[in-house]
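Worksheet for the structure shown next.
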C-alpha cells in the first residue's frame, strides 16, 4: 500500500490558478516594465517549485526511483505515465529555468522565457488535470 500525501499535493496545485493569472497578465502587457519582469520571474520560479514539489510527493508516495535533479523529477513522472509527452517537454523547459532564476538572477533578463510565459498557463492547467487524473486512477487500483 502506498502513502501519497494528497492534501499537500492539492495545496500546491491550488497555487497554480494564481500563477496562471499572473502569467496571463504579464504576457498580455507589452511594455516590459520592471514590475512585469519581476512578476514573471517570480511566477515562473513558483511554477517550477510547485511542479517539482508535486512530482517529489508522487515519487515518494508511489515509491518511484529516486530523482537526482529537477529535470529528473520530470523524467520520472513522465516515465511512470503521470504526464503526457507534450507536457513533459514544456515542464523540462520550465525546470531548466530554475538555475537562471535562482542562482544567475543578476544576469537573467527574462527575454528567453517570454514565449514560455505566454504558453505556460495552458500547460500548468494541463499539469493539474493530469496529476489529479493519475491520483484518481491510482486510488481506484490500490
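Extension gain for residue 63 to residue 15 (0.36 nm times residue separation, less C-alpha to C-alpha distance): 14.8 nm. The long axis of helix 34-61 is offset from the longest Cα principal axis of the chain by roughly 10 degrees. Stretched out straight at 0.36 nm per residue, the stretch from residue 34 to residue 107 would grow longer than its current Cα-Cα span by 24.8 nm. Model label points for residue 7 and residue 96, set 7 angstrom from Cα along the Cα-to-Cβ axis, are 3.8 nm apart. Calculated mean residue ellipticity, 222 nm, the chain: -23500 deg cm²/dmol, from DSSP H runs (n ≥ 4) at -39500 (n - 2.57) each, averaged per residue and rounded to 500. Helix 16-28 and the longest principal axis of the C-alpha atoms of the chain enclose an angle of approximately 30°.
Rule-based calculations on the coordinates, nothing more; no lab input. Computed from a predicted model, the values in this text were never measured in an experiment. Every residue, glycine as well, gets a Cβ built from its backbone with ideal geometry; the counts of neighbours run over all protein chains shown.
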